[in-house]
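Below is one structure, written out as structure tokens; comments come after it.
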Amino acid sequence: MLILKRTLRDRRGATALEFGLVLGPTVLTATVIFQIAYCYFAEGVLDRAAFLGARAVLTGAVAQQGLTQAQFITQYICPQLPSNLNCSNIVVNLTIAQKPPAAALTSGKMNVVLPYPPSAYANYINASSNWLISPSTSNSNNTFCPGAGNQYMVLQVLYPINIFMTLFTTAASVSKVNGQPAYWLMKSAAFQNEPFNGAVAYAGC
């Protein structure tokens, strides 16, 4: 009986045990907060990069110089990225917003009412009209057409955000980038080019 009482009063190691019990949830919570904050940070950076890239296109700076997709990324997108975001992972898709065929607009595949310009951006909306269609995650499979003056344009800028915990890798939007699970962030800009002249003709545009 005396031994039992001593055992119940013995608190040696209790602090270490309690610390071990709270350590796991604390680390998990901190990691989740860091992952979410990192995504929001990258989103803000990507948003500014897309805005400034779109401005370079709409003023004619890109088309008049005849910049390639790689040159556009290097000169206008990458300078906006902090050192912890890899410029080589940037993906760009720049297209001219063409009006889709009337049949596509009346078949129910694109049942969306858009303001000015009418229907020009419907090609970029999915069949359910609730999400933007993402371009390829490879620059070689995407389009780069800076367009001419007064044309309507769509610029899409993508970047893969590394995922630090397998907890977040079950989402359908998660893919492998350089062997690591990543979630693709995308920022889009829809705009009309200014009435500039001297645009270089791009093949395939």
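The values are calculated or read from the model by the stated rules, or taken from the named source; none is laboratory data. The shown structure was predicted, so the numbers you read here are calculated from the model rather than taken from an experiment. No Cβ is skipped: glycine too gets one built from the backbone with ideal geometry, and neighbour counts run over all protein chains shown.
Which members of the stretch 105-118 meet the condition of being assigned to a loop (DSSP other than H, G, I, E, B) and modelled with pLDDT under 50?
Filtering the stretch 105-118 down to residues assigned to a loop (DSSP other than H, G, I, E, B) leaves 107-118.
SER107, GLY108, LYS109, MET110, ASN111, VAL112, VAL113, LEU114, PRO115, TYR116, PRO118 - these are the residues of the stretch 105-118 that are assigned to a loop (DSSP other than H, G, I, E, B) and modelled with pLDDT under 50.
Is one or more of the residues making up the stretch 165-176 at pLDDT 90 or above, under 21 Å from PRO135 (Cβ atoms) and of a type in the set (S, T, N, Q)?
Of the stretch 165-176, the ones at pLDDT 90 or above are none.
No: zero hits.
For the stretch 135-145, state whether one or more residues are surrounded by 13 or more Cβ atoms within 10 Å (Cβ to Cβ), at pLDDT 70 or above, of a type in the set (A, V, I, L, M, F, W, C) and not in a helix (DSSP H, G or I).
yes
Which residues, counting only those in the stretch 119-134, are surrounded by 13 or more Cβ atoms within 10 Å (Cβ to Cβ) and in a loop (DSSP other than H, G, I, E, B)?
Of all residues in the stretch 119-134, those surrounded by 13 or more Cβ atoms within 10 Å (Cβ to Cβ) come to 119-126, 129, 132, 134.
Of everything in the stretch 119-134, those that are surrounded by 13 or more Cβ atoms within 10 Å (Cβ to Cβ) and in a loop (DSSP other than H, G, I, E, B) turn out to be SER119, ALA120, TYR121, ASN126, SER129, SER134.
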